[in-house]
Each structure stands twice: as structure tokens, then as C-alpha cells.
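The values are calculated or read from the model by the stated rules, or taken from the named source; none is laboratory data. Everything quoted here is computed from the prediction, not taken from an experiment. Counting neighbours? That spans all protein chains shown, and the Cβs are built from the backbone with ideal geometry, glycine included. The area values use the complete protein model at the heavy-atom level, side chains included, leaving out ligands, DNA and RNA. Shrake-Rupley method; radii C 1.70, N 1.55, O 1.52, S 1.80 Å.
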Amino acid sequence: MGRWRPPAPKSSPYITPAGFEALQAELDGIWVRRREVVKALAAAAAEGDRSENAEYIYRKKELAGLDRRIRYLQKRLPELTVVRETHNGDKVFFGATVDVCDDDGETRSYRLVGADETDAKTAAISIDSPLAKALLGKQVDDEVTITVGESTTAVTIESIRYET
């Protein structure tokens, strides 16, 4: 049995200006880090037998990881569409921060962002997620039903705001 997996579905190409700047800064930082790793790799290679040199093996793996991320970012950044327009309306669109209340009365806040800038710590969810897809185009006090797999949850939109 092989390790082949079908390719992941393409994520939407939208990103906020702050997210784009963060990815660009990450790419610039990786290039700086790569120079340091190459120097350390050359020093480790100069120590002699590479087959038992843990530093050499570690640096090769680190360099491969950095190169993989550089390739990804260099391909992804030109594909992205920076969404600069913010809505001040009363409907949920890209970039909105939405407060929802579930059946248990618990209120949660989510920000709808591009797939490349999702972050569980800040409750930034991908525009491609089931919750975000269900929220798009809705207004305050709308009840939204989210179905993930076999589970269904209903939430009510309490507020919608956009960062300026």
C-alpha cells in the first residue's frame, strides 16, 4: 500500500493586508535563517564522517524544511488576492469579526480570514471552513445551522464588526 494521498482541495486565494505582510515577513525571515543554517551545515560537514554526524543530519533536515516552506510561500504569495475593502454593513463578509451564541448560551467570537492566516489562538477561522461558509451573507439575529459530518449545531449571530 502506497503513501499517496489525493491533493487537498484548493483554498480560496483571499487574504487580509496584515496577513499578506506577515507571510512576506515570514519569507524574508526564512531566507535569513536559511543563510545561518547553510553556514552551520558547512561547518558540520567539515567535521568529517557525515554518516554519524548528528549535527550534519539535523541541519540537512532543517534546511529541507526551510526550503519546502520557501517554495510554498514563493508559489502561494503571487496567487493571493489582498482584500483591502472593508464592509461597514450589517452582513457577514470576508474580514468580519462575528460574535455568535450557541444553544448553551455560550458566546464565541470568530474572525473570517483567508486560509493562510487562520489561528486558533485568536479565533481567526478560514473563509473555507463550514462555520464561515454558513455565516457568510447573514445578519445580526439570524440563526445559522452548521453541519460538520453528522453533527449539527445552531448558533445565533449577536454582532458583526469590521476592523478599520
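A few comments on the model shown:
- Calculated FRET efficiency, Asn88 to Lys61, Cβ-Cβ distance, R0 = 45 Å: about 0.40 to the nearest 0.05.
- The charge dipole of the chain, taken about its Cα centre with unit charges on the Cβ of Lys, Arg, Asp and Glu (plus for the first two, minus for the last two), comes to roughly 1180 debye.
- Qualifying chymotrypsin sites (Phe, Trp or Tyr not before Pro) in the stretch 3-38, where qualification requires a DSSP coil assignment and no more than 13 other C-beta atoms within 10 Å, comprise Trp4.
- Fully extended contour minus Cα-Cα distance, from Lys39 to Glu158, at 0.36 nm per residue: 37.4 nm
- Taking all Cα-Cα distances within the stretch 1-73, those exceeding 21 Å account for 49%.
- Sites excluded, GluC sites (Glu not before Pro) in DSSP loops with at most 15 other C-beta within 10 Å, longest stretch of the chain: 1-46
- Considering only the chain, percent of DSSP beta bridges that pair antiparallel, nearest 5: 80
- Couplings for the stretch 26-36, taken from phi via the Karplus curve 6.51 cos²θ - 1.76 cosθ + 1.60 with θ = phi - 60°, read 4, 4, 4, x, 5, 4, 5, 4, 4, 4, 5 Hz in order; Gly and Pro are left as x.
- Dipole size of the stretch 1-88 about its Cα centre, with +1 on Lys/Arg Cβ and -1 on Asp/Glu Cβ: approximately 380 debye, rounded to the nearest 20.
- Annotation: Lys60 carries an accessible surface of approximately 100 Å², with a 1.4 Å probe and no ligand, DNA or RNA atoms counted.
- Ligands, DNA and RNA left out, the accessible area of the chain computed with a 1.4 Å probe is 52% carbon and sulfur.
- The length gained on full extension between Cys101 and Asn53, counted as 0.36 nm times the residue separation minus their Cα-Cα distance, comes to 11.7 nm.
- Principal axis dimensions, the stretch 12-152 - Cα atoms, whole angstrom, descending: 69, 34, 21
- Residues whose amide H comes within less than 5 Å of that of Ser159, counting only those at least five positions distant or on another chain, are Asp99 (H built at 1.01 Å from N in the peptide plane).
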